[in-house]
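S.K.: A single structure is presented below for examination.
Every number here is computed from the coordinates shown, using simple stated rules; none is lab data. Every value quoted in this text rests on a predicted model; they were computed, and no experiment measured them. Neighbour counts run over all protein chains shown; Cβ positions are idealised from the backbone, glycine included.
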Amino acid sequence: MKFNINIEVKLKEGLLNPEANTIQRSLNLIGYKNVSGFDTERVFSMEIDSESKDKAVKQADEMCRRILTNPVIEDYNISVV
């Protein structure tokens, strides 16, 4: 059975996000002064062929821990869509 998996990756709470800060400053400079609290995240989308939903999520979690994220500075959320 095939499962569509989305993995959202973002910096851990409290870490500086220079990319988000730069984009927010740029938005403010071109007139979008009402934008604040801007943040960025990455989303990985994939299809996993697996025997069960639980096994697909477990495999996605393993991929996150091994290569897709840096667990020191990033959090991630896995969802089946």
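S.K.: If you put +1 on each Lys and Arg Cβ and -1 on each Asp and Glu Cβ, how big is the dipole of the chain around its Cα centre, in Debye rounded to 20?
M.R.: Magnitude of the dipole: close to 180 debye.
S.K.: Which angle between 0 and 90 degrees, to the nearest 10, do you get for helix 53-63 versus the longest principal axis of the chain when only C-alpha atoms count?
M.R.: Its long axis makes an angle of about 60 degrees.
S.K.: Per the helix-only calculation at 222 nm, which mean residue ellipticity applies to the chain, given -39500 (n - 2.57) for every DSSP H run of n ≥ 4 and division by its residues, nearest 500 deg cm²/dmol?
M.R.: Result for the chain, helices only: -8500 deg cm²/dmol.
S.K.: First obtain the Kirkwood hydrodynamic radius of the chain from its Cα pairs, then insert it into the Stokes-Einstein equation at 37 °C and 0.692 mPa s, and state the resulting D in µm² per second as a whole number.
M.R.: 228
S.K.: A further question on this structure: Looking at the chain as a GNM with Cα springs under 10 Å, which of R25, R65, R42 has the largest mean-square fluctuation?
M.R.: Largest GNM mean-square fluctuation: R25.
S.K.: Taking the alpha-carbon distance from K55 and a cut-off under 19 Å, which aspartates and glutamates remain once sequence neighbours fewer than 8 residues away in the same chain are dropped?
M.R.: Within the straight-line limit of under 19 Å, K55 reaches these aspartates and glutamates: E8, E47.
S.K.: Now for a separate question. Ordered by residue, what ³J(HN,Hα) values in Hz, to whole numbers, does the range 10-24 give under the Karplus form 6.51 cos²θ - 1.76 cosθ + 1.60, where θ = phi - 60° and Gly and Pro are x?
M.R.: Rounded to whole hertz, the list is 9, 5, 4, 4, x, 7, 5, 10, x, 4, 5, 4, 5, 5, 5.
S.K.: What residue among I48, I67, I30 has the largest mean-square fluctuation in a Gaussian network model of the chain, using Cα springs under 10 Å?
M.R.: Highest fluctuation among the options: I30.
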